[in-house]
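Report on the following structure.
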Amino acid sequence: MAEIRQRELLQVPESLVTGGKFNFGTFNHQFQKVNPLDAERPLGIWLPRPLLNLRLKEWQAFQLGNSRWFMLAVLYDAKVSALAQFIAYDKERKKKYLFEKVLPSWKITVPDSLWDARQSYRDQDCLIELVSQLGKGRFYINVQVHGYKGLPDIAAHFEAFHDDRLVEPIVVSIPFGKNSGMYSHKCLMPMQGSLSIGDEKAEFLRQESFAIIDDHKGFYPYVMKYDWVTAAGFSDRGQLIGVNLTDNQSIDPEKFNENCLWFDGRLELLPPVKFNRPDGVEGEWLIRDQYGMVDLVFKPVTMGMINMNFLILKVKYRGPFGYCNGFIKDRSGNKVMLNQYFGMGEEKYIRG
């Protein structure tokens, strides 16, 4: 077995970019200023700021759930287009409720800060609102859907708790080139709130519900591709446990990756992983590392797909929900078992 190369959890600088240079690494807290557009020549050539912004992909997403429900709320600005989406999956009834709109890019603006910001998309049949108050340790997710393509009316209101004394985020800046890369803030948190679908209403109690934030900005290569899985659940002792595992275009994944385990609020950094799909994207996803620390199987139960193929744009996206089983070892070598923990994965390819 190879000897693991432990990466360091760094003290966070004030800004993602300082003096025109990305600060790359894995950090213990959120940047005060997330400013990728201040980078010098992140695409290798000088571009005016508006053109540079067209290459910056940005989104904010929340995965939310309890023992019965799993949900995804996302506002995504890919600059060639934008996406507003809310999905609720009832694990008991094996039924998915999907609201999704592909939009012109200018319809969604992702804010620069998590400290005190609000973003939303609203039209005649929906509202998706994501409120970030990191300074107070809170996120709020509000969704309303009415009269959309045969869906029952949906109303959702959630509060997620990003309290410094309770949870540890993983904040990364990962290089794709000399002075180009991506930023992400992810954190597994307790959550409370309510969900109404038609005449049915579900309450989410803090001690048995979770949320995972994914705040994301990146200068991805012209061909963008990665594999990703996240999942969470509660142990028999009531401990909230979750994982985030990605194989992306990092130029040095041993040193720069976003793989982690959250165990009862504590963050454990994990090594690079590889995804293997011997039976295709709808079959089992085998996720392993070379050190014997990660050995998981993700089994999709419902699939989300986006396919586009135009002159300058090609999208092949697979985003299933499903169950994770297996184990992850913590830094002491103890196995943390994941038994039917629910989550989602992505196999993403975007040219454009």
Task: Evaluation of I87 against (1) surrounded by 15 or more Cβ atoms within 10 Å (Cβ to Cβ); (2) closer than 30 Å to G177 by Cα (one fails), failing number - done: (2)
Task: Residue count, the stretch 95-116 (criterion: within 22 Å of F321 (Cβ to Cβ), open to solvent by 40 Å² or more (accessible area, probe 1.4 Å) and in contact with a strand residue (DSSP E or B) (Cβ under 7 Å, 6 or more places away or on another chain)) - done: 4
- [ ] State yes or no: is Y140 within 30 Å of L269 (Cβ to Cβ), open to solvent by 60 Å² or more (accessible area, probe 1.4 Å) and assigned to a strand (DSSP E or B)?
- [x] yes
- [ ] Consider D125 carefully, then state whether it is more than 16 Å from D215 (Cα to Cα), open to solvent by less than 10 Å² (accessible area, probe 1.4 Å) and over 18 Å from the mean Cα position of the chain (by Cα).
- [x] no
Open item on the list: As an exercise: evaluate N53 against (1) buried (at least 18 other Cβ atoms within 10 Å of the Cβ); (2) modelled with pLDDT of 95 or more; (3) under 29 Å from I312 (Cβ atoms) and give the number of the one condition it does not meet.
Closed with: (1)
TODO: Mind listing just one residue for me: the one in the stretch 1-31 that is among the polar types (S, T, N, Q) and within 20 Å of the chain's Cα centre (by Cα) and, of those, nearest to D116 (Cα to Cα)?
DONE: Q30
TODO: Residues being under 13 Å from the mean Cα position of the chain (by Cα) and either at pLDDT below 95 or of a type outside the set (D, E, K, R) (or both): count how many of those fall in the stretch 56-98.
DONE: 12
TODO: Evaluate the stretch 137-154: report whether one residue or more is of a type in the set (A, V, I, L, M) and touching a Ser or Thr at 6+ places or on another chain (Cβ under 8 Å).
DONE: yes
Open item on the list: So, P36, is that one of a type outside the set (D, E), over 21 Å from the mean Cα position of the chain (by Cα) and open to solvent by less than 40 Å² (accessible area, probe 1.4 Å) or not?
Closed with: no
Open item on the list: Residues to consider are S173, S194, S120; find the one that is of a type in the set (S, T, N, Q), buried (at least 23 other Cβ atoms within 10 Å of the Cβ) and either touching a residue at least 12 places away in the same chain (Cβ under 8 Å) or not in a strand (DSSP E or B) (or both).
Closed with: S173
- [ ] State which residue pairs qualify: first residue more than 23 Å from R331 (Cα to Cα) and inside the stretch 1-26, second residue open to solvent by 40 Å² or more (accessible area, probe 1.4 Å) and β-branched (V, I, T) in any location, beta carbons under 9 Å apart, and separation of 6 or more residues or different chains.
- [x] N23/V12
- [ ] Being within 17 Å of the chain's Cα centre (by Cα) and farther than 19 Å from R331 by Cβ is the filter here, so list the residues in the stretch 233-274 that pass it.
- [x] G233, T246, D247, N248, Q249, S250
Task: strands (runs of 3 or more DSSP E) enclosed by the stretch 200-253 - at least 1 residues per element that are within 27 Å of F31 (Cβ to Cβ) - done: 210-218, 223-234, 240-247
TODO: Identify, from the list N259, N276, N339, the residue that is at pLDDT 95 or above and within 22 Å of D214 (Cα to Cα).
DONE: N259
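The values are calculated or read from the model by the stated rules, or taken from the named source; none is laboratory data. Remember, predicted model here, so these are calculated numbers, not experimental data. In this analysis, Cβ positions are derived from the backbone assuming ideal geometry, glycine residues included, and neighbour counts consider all displayed protein chains. We work out accessible area using only protein heavy atoms, side chains counted, and drop any ligands, DNA or RNA first. Shrake-Rupley method; radii C 1.70, N 1.55, O 1.52, S 1.80 Å.
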